[in-house]
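Enquirer: If you scroll down you'll find the structure; I have some questions about it.
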Amino acid sequence: MPAITLALLQAENVYPDLSSVGGRSTLIEIVGALLTIVLIASVLMLVVSGIVWAVSSSAGNPQTAAKGKVGVFVALGAAALAGAGVAWMNFLLNLGDTL
């Protein structure tokens, strides 16, 4: 048993070779395009849900007004998460450079 622990302790200078992994620029382009699509879709959803909320509130339809309100909050949440995704992806890419 002590020979196995000694063999494990001797292999302490092993590091991953991150230079062999390519495609960083492709990853940046793909994530940027996806986040742009999410932001465009969330803005469109915000506009449509806001119109539905306003029209149904003025027409006296509380069920549809509630669905429009939920749509507005979901669109705001999606836009916030997409914006946070940009910051998170930049953080991870900068962290990858330091490894």
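Enquirer: Report, by residue number, each residue of region 23-68 that is under 23 Å from the mean Cα position of the chain (by Cα), surrounded by 14 or more Cβ atoms within 10 Å (Cβ to Cβ) and hydroxyl-bearing (Ser, Thr, Tyr).
Expert: Across region 23-68, the qualifying residues are 42, 49.
Enquirer: If you check 77, 22, which single one turns out to be at negative phi, without any contact (Cβ under 8 Å) to a residue 12 or more places away in the chain, of a type outside the set (S, T, N, Q) and not in a helix (DSSP H, G or I)?
Expert: On the way: 77 fails: not in a helix (DSSP H, G or I).
Checking each option against the conditions leaves just 22.
Enquirer: Kindly check whether there is at least one residue in region 80-98 that is without any contact (Cβ under 8 Å) to a residue 12 or more places away in the chain, more than 19 Å from the chain's Cα centre (by Cα) and surrounded by 14 or more Cβ atoms within 10 Å (Cβ to Cβ).
Expert: For region 80-98, residues without any contact (Cβ under 8 Å) to a residue 12 or more places away in the chain, more than 19 Å from the chain's Cα centre (by Cα) and surrounded by 14 or more Cβ atoms within 10 Å (Cβ to Cβ): absent.
Only the coordinates and a few stated rules stand behind these numbers; no lab work does. Given the structure is predicted, the values throughout are model-derived calculations rather than measurements. With ideal geometry, Cβ positions are generated from the backbone for all residues, glycine too; neighbour counts draw on all protein chains shown.
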